[in-house]
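As structure tokens, the structure follows; a few thoughts come after it.
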Amino acid sequence: MKPISIEKVYKNRVLQHTLFWLISYYILLRVFANADKIQQIDYIYTILFHTTMMIGVYINLLILIPKILSKRKFIFYIVTLLIVIAGTAGLNILFFDKLIDFILPGYYFISYYEFGDILKFVIVFVATASLIKLAKSWFAISETNKKFVELQKEKTEFELKALKGQINPHFLFNSLNGIYSLALSRSEKTPEIVLMLSDIMRYIIYEASANFVDLKKEVKCLQDYIALQKLRSDDRASITVEISGDLKNKKIAPIIFFPLVENSFKHGIKGVTGKSFVTLQFTVGENNIAFIIENNKGITDNVENNAYKGIGLENVRQRLQMIYPNKHQFKITDTAETFKVEIAINQVADEN
Amino acid sequence: MSLRQAGRKAKVMMMIIVMGLLLSGCFIKSLYPFYTKKDIVYDTRIIGTWLDNDSSKWVIKQLIRWPIKPDSAYQVEIVDKDGKPGSFSAHLFRLNNQLYFDFYPNGKIGSNDLIDASIVLSHSLAKITYTGTHIKMQWFNEVWFEQLLNQNKIRIKNEKVEGGYLLTASTAELQKFIIKYGNDPQAFKTDWGKNQKDKDQEALTFDLKKISNEAN
């Protein structure tokens with residue numbers, strides 16, 4: 001025979017109620033028994049006693065709790081509950097004083113308890129059944145909440161993957177376009193650029209799949225990327241990278257700053273014919289990171305059509321919102337000549 | 001066995017015999033009284049000397065408790081036709097417009113203090129029909145009660161004792177039972193059958209006739 005699992009009992013309502021009444025029957029049968037030996041009449045009396053108790057218990061469980069208590073009408077619930085409790089006690093007395101003679105003629109029962117005693121029985125029954133129901137509801141709500149949180153987490157992870165997925169082809173697309181241009185002009189820098197691109201891609205594909213990466217590795221990759229971009233830029237471009245603070249033992253969401261650096265080069269360095277600049281500052285504190293990137297404004301890259309403009313910027317904003325909710329600041333300063341993005345992330349050390 | 005041990009054994013035996021006699025009567029016996037203070041009725045017309053249908057003399061007078069204090073109860077001295085005496089205190093009480101007598105044995109019963117201290121005295125119940133010069137006493141039908149108990153059709157606290165049952169239900173329960181089933185034709189039966197137990201019960205249906213207003 002297959003044993004009944006706890007989960008089966010937990011989910012089977014009929015089984016639960018049967019178990020509740022059986023336990024109560026077992027206990028009260030022994031309480032009601034007049035002699036050492038339980039008589040047949042005691043079995044009958046205990047069943048009948050429970051029948052009257054069931055009326056109060058189920059009025060509370062099936063009507064009062066779902067229709068009144070669940071709507072938070074607390075005072076109305078208490079008043080109706082008191083009426084039901086008193087009514088059930090009264091019914092019990094009426095049942096054994098009068099009704100029993102019609103139901104079981106030939107049997108001699110009386111109401112063995114006074115109203116106050118019956119009232120105590122009803123209160124215990126109603127309170128126990130209510131507590132079990134409320135406990136079950138609490139467990140159900142807790143389980144639903146847990147499932148909801150899991151679903152939210154899954155949804156967030158899915159969205160993050162989708163956003164990260166936008167970066168890779170975006171970046172690759174731009175880089176390949178650059179390499180294509182170099183290849184067309186038969187530049188000697190082409191193999192070196194391909195190699196750098198390979199390093200960056202290795203980081204993005206193998207290491208950036210984690211939720212958080214070492215800040216040091218992230219910065220190293222950014223430096224590689226900038227170096228790659230430098231090779232693609234002419235000598236007139238001023239590219240400054242300032243890193244201050246201790247990068248060790250800090251974690252950061254992977255490739256979070258990449259789209260901003262990529263945009264700076266795409267719209268600043270590449271889009272102008274005169275003097276151009278990109279300034280990047282990394283300030284790492286005990287618990288926070290400040291990232292500032294500024295570039296001159298140039299002519300919009302023709303390779304990217306209007307539909308894809310702003311993808312990188314919005315991508316960064318969304319990822320920050322999801323990964324560092326209420327723990328970050330994101331500021332854009334857009335003037336006629338320059339474009340500046342400032343990001344501050346707090347409590348970075350907590351992400352270990 | 002020493003003489004002392006033999007004496008003690010005899011006393012215990014005597015105690016058991018007396019207890020058996022006391023409890024084996026054809027009455028329904030109860031550990032608790034069938035009345036409460038508020039149910040008691042005291043009627044001076046009951047006081048007097050009465051003669052029952054078995055020629056036993058019943059002298060009923062007001063119960064005086066020690067220290068001398070009249071009680072709303074009766075002292076009933078019964079002397080049967082063979083001259084054997086019996087003494088009870090009796091409370092007349094009304095439940096659901098019906099009069100009842102609660103009888104309780106008076107005084108010492110055993111031959112010594114050990115026996116008296118060991119005996120559990122009990123209350124007996126009789127339904128009363130009083131007409132001024134006549135009192136009809138119908139005792140609670142033990143035959144019917146025993147049958148119901150044996151058939152598992154009655155639920156009231158009791159203990160099986162030698163020769164019958166001793167009700168151990170509280171006064172409140174006893175009264176509920178009397179109120180509910182007091183008018184059951186079987187509970188206080190008047191029309192008896194032919195078997196011995198029925199005859200015994202019938203013999204316990206007394207019809208008392210007042211022969212004097214004096215109780216002496």
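None of the figures in this text is laboratory data; all of them are computed from the coordinates on show. Worth saying up front: this structure is predicted, and the values here are computed from it rather than measured. Here Cβ is always computed from backbone atoms with ideal geometry, including for glycine, and neighbour counts include all displayed protein chains.
Under 8 Å for C-alpha pairs, at least 6 residues apart: give me the relative contact order for region A:187-266, rounded to a whole percent. Walk me through the numbers on the way to the answer.
Working: 49 pairs, mean separation 34.7, N = 80.
Averaging sequence separation for qualifying contacts and normalising by length gives 43 percent for region A:187-266.
Quick one: A:Thr335, A:Thr128, A:Thr240, fewest Cβ neighbours within 10 Å first, how do they rank? Provide the component values of the computation, followed by the final result.
Working: A:Thr335 8, A:Thr128 14, A:Thr240 11.
Neighbour counts put them in this order, fewest first: A:Thr335, A:Thr240, A:Thr128.
With 10 angstrom as the radius, rank A:Thr52, B:Thr168, A:Thr18 by how many other C-beta atoms surround their C-beta, starting from the fewest. Could you put the intermediate results ahead of the total?
Working: A:Thr52 23, B:Thr168 16, A:Thr18 11.
Taking fewest neighbouring Cβ atoms as first place, the list is A:Thr18, B:Thr168, A:Thr52.
Let's see if you can work this out: charge +1 on each Lys and Arg Cβ, -1 on each Asp and Glu Cβ, no other charges. What is the dipole magnitude of region A:6-147 about its Cα centre, in debye to the nearest 20? Could you put the intermediate results ahead of the total?
Details: 15 positive and 8 negative charges, 206 e Å.
Once rounded to the nearest 20, the dipole reads 980 debye.
Here is the link list: A:Lys248/A:Lys275; B:Lys157/B:Lys209; A:Lys153/A:Lys327. Which ones come out longer than 27 Å on Cα distance?
Values: A:Lys248/A:Lys275 35 Å; B:Lys157/B:Lys209 36 Å; A:Lys153/A:Lys327 18 Å.
Those over the limit are A:Lys248/A:Lys275; B:Lys157/B:Lys209.
Report the calculated FRET efficiency for B:Trp66 and A:Ile78 (r = Cβ-Cβ distance, R0 = 45 Å), to the nearest 0.05. Kindly include the intermediate steps, with their values, before the conclusion.
Values: r = 55 Å, r/R0 = 1.23.
For R0 = 45 Å, the calculated efficiency reads 0.20.
Let a ≥ b ≥ c be the square roots of the eigenvalues of the Cα gyration tensor of region A:6-147; is it rounded (a/c under 1.5), or, if not, prolate (a/b larger than b/c) or oblate? Walk me through the intermediate numbers first.
On the way: a/c = 2.74, a/b = 1.57, b/c = 1.75.
Judged from the Cα gyration tensor, region A:6-147 comes out oblate (a/c at least 1.5, b/c at or above a/b).
I want to check the label-to-label distance for A:Thr156 and A:Lys340. Put each point 7 Å from Cα in the C-beta direction and report it in nm to one decimal.
Calculated label separation equals 3.2 nm.
Once amide H atoms are built 1.01 Å from N in the peptide plane, which residues 5 or more positions from A:Lys250, or in another chain, come under 5 Å H to H?
A:Leu215, A:Lys216
Between A:Leu99 and A:Asn326, how high is the FRET efficiency from 1/(1 + (r/R0)^6) when r is the Cβ-Cβ distance and R₀ = 56 Å? Nearest 0.05.
Values: r = 65 Å, r/R0 = 1.17.
Step by step, r from the Cβ atoms, then E = 0.30.
Can you grab the distance from the C-alpha centre of region B:45-107 to the C-alpha centre of region B:147-166, Å, no decimals?
27
Under the definition of Cα pairs under 8 Å and six or more residues apart, what whole-number percent is the relative contact order of region A:6-147?
On the way: 80 pairs, mean separation 28.7, N = 142.
It comes to 20 percent, rounded to a whole number.
Could you list A:Glu154, B:Glu77 so that the one with the fewest beta carbons within 10 Å of its beta carbon is first and the one with the most is last?
Details: A:Glu154 10, B:Glu77 17.
Fewest-to-most Cβ neighbours within 10 Å comes out as A:Glu154, B:Glu77.
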